[in-house]
Amino acid sequence: MGKKDATEKTLESYVDVFADIVNVLLFNGKRLMQPEDLLTALPRSIYKVDGKMHEQERDVAKFWKKGQICIAFIGLENQTAIEADIPFRIIGYDGAVCREQLNADEKNKPKERYPVVTLVLYFGYERRWNKPLNLKECFSIPKELEPFVNDYHVNLFEIAWLSDETIAMFQSDFRFVADYFSQKRKNQQYKAPAGEMKHVRAVLELLSAVMQDTRFIDAYNERVTEGRRRPTDVVYSRF
């Protein structure tokens with residue numbers, strides 16, 4: 001998405017929203033992940049190229065834990081532009097978390113192994129994703145080498161193309177976000193569904209950042225300034 005903006009990440013950082021996204025997209029709506037089982041993880045990692053240190057940063061990342069046991073490291077990445085090299089970026093993020101597990105061994109900490117899962121949320125609504133989602137698809141591989149080249153799959157979800165049944169499974173404010181992009185794809189217009197938002201400002205900030213249109217958050221600020229008790233009255237109504 002180019003330069004990362006903190007407003008793109010705020011909504012998904014809330015544990016109720018993060019758990020809801022994972023439960024719907026990975027577990028078909030089953031409430032396997034509970035908000036209270038999530039612990040914020042550092043999104044930054046360091047890698048070395050040509051003797052120089054570089055930093056890479058995920059959008060949102062959390063540990064999924066049960067008591068003292070770490071079940072998994074889960075990352076979310078927001079994407080509006082179609083990116084041909086996204087398998088390289090995701091394997092870099094996931095590999096860095098695996099490297100951290102080895103680093104923990106070197107620091108004489110108790111050995112702990114947990115899987116790493118990254119979800120890419122694609123918010124484009126005018127075109128479907130048409131670039132590689134597997135590492136092997138990024139290469140021209142000689143047939144003699146093909147059996148020996150390891151593959152890596154990107155878990156990408158096209159939010160605007162989710163079915164109505166899937167969108168209805170969301171129980172957090174992400175339902176409003178998914179429904180917005182779905183309706184924009186189908187109708188180029190939007191009619192807000194019934195229901196109250198919990199994180200109103202965060203929803204509108206995310207839409208402002210993703211759509212590169214400040215009218216979302218401007219409308220919210222106008223209602224707050226006017227003393228309206230229900231800023232959700234303006235949610236997308238003019239968009």
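Read-outs: derived from the displayed coordinates by stated rules, not from any lab. Please read these numbers as outputs of a predicted model, since none were measured by experiment. As a convention, Cβ positions derive from the backbone with ideal geometry for all residues, glycine included, and neighbour counts pool all protein chains shown.
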Neighbour-count order for Lys191, Lys9, fewest beta carbons within 10 angstrom listed first
Lys191, Lys9
Is segment 128-213 rounded, prolate or oblate when judged by the Cα gyration tensor, a ≥ b ≥ c being the square roots of its eigenvalues, rounded requiring a/c under 1.5 and prolate requiring a/b larger than b/c?
prolate
Global form of segment 6-174, assessed from the alpha-carbon gyration tensor, a/c cut-off 1.5
oblate
Can you sort His199, His153 so the residue with the fewest Cβ neighbours within 10 Å comes first?
His153, His199
Segment 120-166, Kirkwood Rh and Cα Rg, ratio Rg/Rh at 1.14
Where Lys and Arg each count +1 and Asp and Glu each count -1, what net charge lies around Ile71 among other residues with Cβ under 15 Å from its Cβ?
+3
Mean-position separation - Cα centroids, segment 152-216 and segment 68-82, in angstrom:
18
Too long for a 27 Å Cα-Cα cut-off, among Lys131/Lys186; Lys62/Lys191; Lys65/Lys111; Lys30/Lys198; Lys111/Lys198, are Lys62/Lys191; Lys111/Lys198
Normalised by the number of residues in segment 6-174, what is the relative contact order in percent for Cα pairs under 8 Å and 6+ residues apart?
22
